[in-house]
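What follows is a short report on a single structure.
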2 protein chains.
Amino acid sequence: MRPLLLALPGNEVLGGRLAALLEAEHAVPEIHYFPDGETYVRINADVKARDIIIVCSLDRPDAKFLPLIFLAETAKDLKARTVALICPYLAYMRQDTRFKPGEGITSAYFAKALSRHFDWLVTVDPHLHRRKSLSEIYMIPAATVHAGAAIAAWVRDNVPVPLIVGPDSESAQWVAAVARGANAPYIVAEKQRHGDHDVEVSVPDISPWRDRTPVMVDDIISTAHTLIETVRALQTAGASDIVAAGVHGLFAATAYDELSAAGAVKIVTCNTIAHPSNAIDVTAILAGAARELMRAHKSR
Amino acid sequence: MRPLLLALPGNEVLGGRLAALLEAEHAVPEIHYFPDGETYVRINADVKARDIIIVCSLDRPDAKFLPLIFLAETAKDLKARTVALICPYLAYMRQDTRFKPGEGITSAYFAKALSRHFDWLVTVDPHLHRRKSLSEIYMIPAATVHAGAAIAAWVRDNVPVPLIVGPDSESAQWVAAVARGANAPYIVAEKQRHGDHDVEVSVPDISPWRDRTPVMVDDIISTAHTLIETVRALQTAGASDIVAAGVHGLFAATAYDELSAAGAVKIVTCNTIAHPSNAIDVTAILAGAARELMRAHKSR
């Protein structure tokens, strides 16, 4: 029997594309919010003995967690063979250590809680910092796919003479790979973070690349403060017509408008979080990883 | 060492009162929301080898669940001896069976998920319908305390000549007990529910009690539609000056104002969910049950 793919609200477009590539049935689960703030879930499709794939991006995760695990448990209750998660954006990757005494290491707690409900998961470029791989915190097969090549291809196709700009030294390796893929030179900015909303950025001399269009690349665009400060530093250095490309466009509050107003003439993101800026399609790489995980899970 | 009591945001007042009765240290955990919608938790107090009591009412539960379990896991990580939950209002008690094929039985999934993070819990009058006790779905000691006597005492002290009014036949036994405690007669309305927002109510002849003040009692006031229809039925039957008393004042959207506008001259609730209508204190009964559970847990 074909796998059954269920997309949570907000993930329907990506869900439809994934279902087509995975030759899965695409059903929209019934999710209803009661007046008292509780969530109702129902699966209007045959579940018994099938492989179920749930699609849910976990930006703004707190209110999404219970509906997501309720859907997974409903599938198990209805005797699904396996229940898996395609989670284009994975939450709670930041707090990966105890910076101050008494802090909760939420990345570990979240990973453990999520792992209980799925047989495997796949995600796009999780924010791994102190950790090398998801398997350090996830108790299930957790595959990572990379959007770098897709971003490089977009740059190649859309920006005639680009200069790739990395926002900080942490991202240098990733930025270098994107630049290689885009056949472009790159520079890396220096970032000093003084708090959630206070970031200072400086860029190296860009005079050798005056004729090039700067394309800032980043993994997550949340407040966009880093990119806004990078735009300003690039402008001070004489650049204009700056492009911003992100893997995950979270765009907290007015971040998108602020980045645009600061002078980013084009802002593009991957379709890991549904947003009008989605211009880079990661469906195929997600489907590829999902297909492999399904096969591996069957042969166990 | 004294127990450490941690109240989640919105539970600070009840938390302070409970800490006093339980002779516990009361610390306010640091809960911070990042711009990207993730939650940060930190406990600024000694946790190691102590009994931790977390206070969190679970009205509007979806966004509260992750911060709550993160706090519990942080306490465990910091080597707490036990981690318990005082949950004055317990969520997800409604969907206790599969009414239509494919539905999720969220009460069971929620109970299982919550049970994993605590050693015991205590709550006030959970909405048990098809189930006899919380132990059918909770895997930890889960004690229930009853607000009926406290409501009866409030009626005795505040309504000189009351007539207790139950909203439906399901509540008849509970309403009878409140009436006995308040030394008052009671009637029970007939309710027909046609949907979340469509309820039809009729009341028996109240002419024998024309001189009495009707006091409607209910376990949960959510949309208040049942009580609003009961007010109308009582008014049609000739009553005025109608009082509404609830255990849990959820008050979805404009429910409080609508109930007031319909003609409830006084609306009172227990302090299980912080709200200006809180007039009935359940702190002592919660503390009593918590003390017993702590003792039982120590002697195991």
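The values are calculated or read from the model by the stated rules, or taken from the named source; none is laboratory data. This is a predicted model, so every value here is computed, not measured. Cβ sites come from the backbone with ideal geometry, for glycine too, and all protein chains shown count toward neighbours. Calculation scope for accessible area: heavy atoms of the full protein, side chains included, ligands and nucleic acids excluded. Shrake-Rupley method; radii C 1.70, N 1.55, O 1.52, S 1.80 Å.
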**Request:** Could you figure out which of (1) touching a Gly at 6+ places or on another chain (Cβ under 6 Å); (2) at positive phi isn't true of A:ASP125?
**Result:** (1)
**Prompt:** Any residue at all in the stretch A:122-131 that is modelled with pLDDT of 95 or more and open to solvent by 10 Å² or more (accessible area, probe 1.4 Å)?
**Reply:** yes
**Prompt:** How many residues are of a type outside the set (A, V, I, L, M, F, W, C), away from every other protein chain (no Cβ under 14 Å) and open to solvent by less than 20 Å² (accessible area, probe 1.4 Å) when one looks only at the stretch B:202-232?
**Reply:** 2
**Request:** Check A:PRO9 against each of (1) more than 30 Å from B:PHE251 (Cβ to Cβ); (2) within 14 Å of another protein chain (Cβ to nearest Cβ) and name the one condition it does not meet.
**Result:** (1)
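Tell me, please, whether a residue that is touching a Lys or Arg at 6+ places or on another chain (Cβ under 9 Å) and more than 14 Å from chain B (Cβ to nearest Cβ) can be found in the stretch A:141-158.
Scanning the stretch A:141-158, I find at least one residue that is touching a Lys or Arg at 6+ places or on another chain (Cβ under 9 Å) and more than 14 Å from chain B (Cβ to nearest Cβ), so the answer is yes.
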**Asked** Out of B:ALA108, B:ALA84, which single residue is over 12 Å from B:PRO61 (Cβ atoms) and part of a helix (DSSP H, G or I)?
**Response** B:ALA108
**In the stretch A:27-66, residue surrounded by the fewest Cβ atoms within 10 Å (Cβ to Cβ) [restricted to those that are part of a helix (DSSP H, G or I) and within 7 Å of another protein chain (Cβ to nearest Cβ)]** = A:ALA63
**Prompt:** Which one is farthest from A:THR272 (Cα to Cα) among residues in the stretch A:94-114 that are open to solvent by 10 Å² or more (accessible area, probe 1.4 Å) and more than 9 Å from chain B (Cβ to nearest Cβ)?
**Reply:** A:PHE99
**Message:** When you check B:HIS117 against the structure, is it modelled with pLDDT under 95, assigned to a loop (DSSP other than H, G, I, E, B) and more than 8 Å from chain A (Cβ to nearest Cβ), yes or no?
**Reply:** no
**Prompt:** Does A:VAL55 satisfy the criteria of being touching an Asp or Glu at 6+ places or on another chain (Cβ under 7 Å) and either at pLDDT below 95 or not hydroxyl-bearing (Ser, Thr, Tyr) (or both)?
**Reply:** no
**Request:** Enumerate the pairs (first residue in the stretch A:11-23 and farther than 16 Å from A:THR123 by Cβ and free of Cβ contacts under 8 Å to residues at least 40 places away in the same chain; second residue anywhere and part of a helix (DSSP H, G or I) and open to solvent by less than 20 Å² (accessible area, probe 1.4 Å)) with beta-carbon separation below 9 Å, excluding pairs fewer than 6 apart on the same chain, so at least 6 apart or on different chains.
**Result:** A:ALA20/A:THR283; A:ALA20/A:ALA287
**Message:** Contact list please: Cβ distance under 6 Å, first residue in the stretch B:88-105 and of a type in the set (Ser, Thr, Tyr), second residue assigned to a loop (DSSP other than H, G, I, E, B) and surrounded by fewer than 15 Cβ atoms within 10 Å (Cβ to Cβ), pairs at least six apart or on different chains.
**Reply:** B:THR97/B:ARG130
